[in-house]
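The structure appears below as structure tokens.
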Amino acid sequence: IYSCCYLSRRLNQLSSHDPLWKRHCKKYWLISEEEKSQRNQSWKAIFISTYSDLGRYIRYYATLKKAWDDLEKYLGQRCPRMIGSLKESVREEDLDAVEAQIGCKLPDDYRCSFRIHNGQKLVVPGLMGSMALSNHYRSEDLLDIDTAAGGFQQRLGLKQCLPLTFCIHTGLSQYMALESVEGRNKYEIFYQCPDQMARNPSAIDMFITGTSYLEWFTSYVNKVVTGGYPIIRDQIFRYVHDKECVATTGDITVSVSTSFLPELSSVHPPHYFFTYRIRIEMSKDALPEKACQLDSRYWRITNAKGDVEEVQGPGVVGEFPIISPGRVYEYTSCTTFSTTSGYMEGYYTFHCLYYKDKFFNVTIPRFHMVCPTFKVSTARIVSGDALETNHNEYAVDEDEDSTDTDEYEDRRRVLDIPAPSGRCPRHT
């Protein structure tokens, strides 16, 4: 409209109709009435000045700005330290300088995000989520543009890949491919996974986490602000809860959420590491005499090949929790599979505190664990080490049995409850 207004007087008059520009300002730049009043400009002037600065991002700006605004609003009261770690936006010339430094073009959706926030400081907790087990901790920061550029890779296996996140405890990063090389799609986002069985040191498999920056970032934000990821002690924990993973036995409800840990997993050899978080709760309306104590657990673990392992043992994570009306007990544990997926189910055995000779079982709902999409290294294929496989499909040797253990359990870090003494038994 602005360009066409020079062709005729009528179009010129139409282009000055401010309500027309109001709609575009709100749609593309998310300008509010309050902000308009503060700027003391017409809607047309605001649109033109904003377009002159952010016009190349008109396809992405509103979506990313809303995601950032929603995230800041949601975390403002829940994780104030995290919000305080966010950096101010960068200028176009700063992004141009980074492109010149690394010799690659940055995607516009990625650039656009940095015009809103320049990532965060290298602090804990990280904006992109945490995971805590007794001997393992991960918290991923969203890197600022200069730190990301400093980690730009040109070595074989990660050629032309830019880190998006970084964990100061594990050294783990999620990378974005800036070019379609080494079997990656352009702008694909992934965790690197060294191939421990390949003779070629540049053989790096990949767990895929996104197909573009826009999809990767907005899907994560949506999970956070809709409560899909729990907030525990000012941190975002990337546990996924399936609403069907809930079972109620009498007055006791058991629910499960799970998470895949790429930093403890590998494609070659096949070793897929999952952690799960179990919540045991007694209804607040239950009678006081319903109070009970957990004695033992039984697990039935099934991998993708249908192999079944049954495990029975006392307590959970070395404890024998008491459940009473309105009380909640939560713990975390983990399991590994040599197949790309598997599931667990079972039951807890309780005894009543008021009737000590009365025992009953409480169902643990079946919960599935599935490895995310991965790609095997092209270096492995070229060197002749690869299996017969399509890169976009799972293809691994699956001969080992799955194992389940609570050696990584950590309620102390996650829930601020003292950790049990000694080492926890396996198959919690």
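The values are calculated or read from the model by the stated rules, or taken from the named source; none is laboratory data. Worth saying up front: this structure is predicted, and the values here are computed from it rather than measured. Every residue, glycine as well, gets a Cβ built from its backbone with ideal geometry; the counts of neighbours run over all protein chains shown. Heavy atoms of the whole protein, side chains included, go into the accessibility calculation; ligands, DNA and RNA do not. Shrake-Rupley method; radii C 1.70, N 1.55, O 1.52, S 1.80 Å.
Scanning for something over 22 Å from Leu143 (Cα atoms), in contact with a His (Cβ under 9 Å, 6 or more places away or on another chain) and open to solvent by 10 Å² or more (accessible area, probe 1.4 Å), does the range 165-178 turn up at least one residue?
no
This table checks each residue for (1) β-branched (Val, Ile, Thr); (2) under 30 Å from Glu330 (Cβ atoms).
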| position | (1), (2) |
| --- | --- |
| Phe152 | no, no |
| Arg155 | no, no |
| Lys159 | no, no |
| Leu172 | no, yes |
| Gln192 | no, no |
| Ile204 | yes, no |
| Phe217 | no, yes |
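Every residue, every condition in (1) open to solvent by less than 10 Å² (accessible area, probe 1.4 Å); (2) assigned to a helix (DSSP H, G or I); (3) touching a residue at least 60 places away in the same chain (Cβ under 8 Å), yes or no:
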residue: Val246; (1), (2), (3): no, no, yes
residue: Thr258; (1), (2), (3): no, no, yes
residue: Glu263; (1), (2), (3): no, yes, yes
residue: Tyr272; (1), (2), (3): yes, no, yes
residue: Glu281; (1), (2), (3): no, no, no
residue: Lys284; (1), (2), (3): no, no, no
residue: Gln293; (1), (2), (3): no, no, yes
Seminar exercise, completed: When restricted to Val311, Val317, the only residue touching an Asp or Glu at 6+ places or on another chain (Cβ under 7 Å), open to solvent by 10 Å² or more (accessible area, probe 1.4 Å) and at pLDDT below 95 is Val311
Exercise. Quick check: anything in the range 145-156 surrounded by 20 or more Cβ atoms within 10 Å (Cβ to Cβ) and out of contact with any helix residue (DSSP H, G or I) (no Cβ under 9 Å at 6 or more places or on another chain)?
Worked result: no
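Yes/no matrix, rows are residues, columns are (1) outside the structural domain of Val90 (by the TED database); (2) assigned to a loop (DSSP other than H, G, I, E, B); (3) among the polar types (S, T, N, Q):
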site: Arg111; (1), (2), (3): no, no, no
site: Tyr137; (1), (2), (3): no, no, no
site: Asp141; (1), (2), (3): no, no, no
site: Ala148; (1), (2), (3): no, no, no
site: Gly157; (1), (2), (3): no, yes, no
site: Met176; (1), (2), (3): no, no, no
site: Asn200; (1), (2), (3): no, yes, yes
Problem set entry | Selected residue [in a strand (DSSP E or B), under 15 Å from the mean Cα position of the chain (by Cα), buried (at least 22 other Cβ atoms within 10 Å of the Cβ) and in contact (Cβ under 8 Å) with a residue 40 or more places away in the chain] from Met131, Met206 | Met131
Seminar exercise, completed: Looking across the range 338-390 at residues that are aliphatic (A, V, I, L, M) and modelled with pLDDT under 90, the single one that is farthest from Pro288 (Cα to Cα) is Val382
